[in-house]
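> Encoded as structure tokens, here's the structure I'll be asking about.
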Amino acid sequence: MRFLLVSVFALMLSACVQTPTQNTQVVDDRPGLAFELSSSLAETYELKVDGVSYGRVGQYLAGENRLRIIDGSHLVELKKDGDVVFTQKVYLGAGSNRILKVGNYE
């Protein structure tokens, strides 16, 4: 009987204990760069930011996807067959997004 009473008491004490919980969120506040293209031919242009190639500009269309880069001033270039067809210097602050409008440079 004593064992049963101690067991019930121990069970009641352990039922009152809540395990600690922790919720961690990571916020990505890097600025984003996206493009609005006037023609589908412009999607094949090569995107370079500060001399680093990021592939085809068609990967970063406005409303679909954006290129996340660090905040600060950047030189954005679009190349077709190795020739620069578009260049613009932009400043992006933390948490800001910019959409660049690009024409057809055929």
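The values are calculated or read from the model by the stated rules, or taken from the named source; none is laboratory data. Small disclaimer: the values here were computed from a predicted structure and weren't measured. Glycine gets a Cβ as well: all are built from the backbone with ideal geometry, and neighbour counts include every protein chain shown.
> Show me the strands (runs of 3 or more DSSP E) entirely contained within the range 53-106 in which 3 or more residues are over 17 Å from S38 (Cβ atoms). Spell out the reasoning first.
Working: elements: 72-80, 83-92, 97-102.
It comes to 72-80, 83-92.
> Any residue at all in the range 88-102 that's surrounded by 15 or more Cβ atoms within 10 Å (Cβ to Cβ), in contact with a His (Cβ under 6 Å, 6 or more places away or on another chain) and touching a residue at least 40 places away in the same chain (Cβ under 8 Å)?
yes
> Within the range 72-101, restricting attention to residues that are out of contact with any Lys or Arg (no Cβ under 8 Å at 6 or more places or on another chain) and acidic (D, E), which residue is farthest from D50 (Cα to Cα)?
If we take residues in the range 72-101 being out of contact with any Lys or Arg (no Cβ under 8 Å at 6 or more places or on another chain) and acidic (D, E), then D81 is farthest from D50 (Cα to Cα).
> Of all the residues that make up the range 31-73, how many are under 18 Å from G95 (Cβ atoms), touching a residue at least 40 places away in the same chain (Cβ under 8 Å) and surrounded by 15 or more Cβ atoms within 10 Å (Cβ to Cβ)?
Residues that pass the stated criteria total 4.
> Among (1) modelled with pLDDT under 90; (2) in a loop (DSSP other than H, G, I, E, B); (3) surrounded by fewer than 14 Cβ atoms within 10 Å (Cβ to Cβ), which single condition is V6 missing?
(2)
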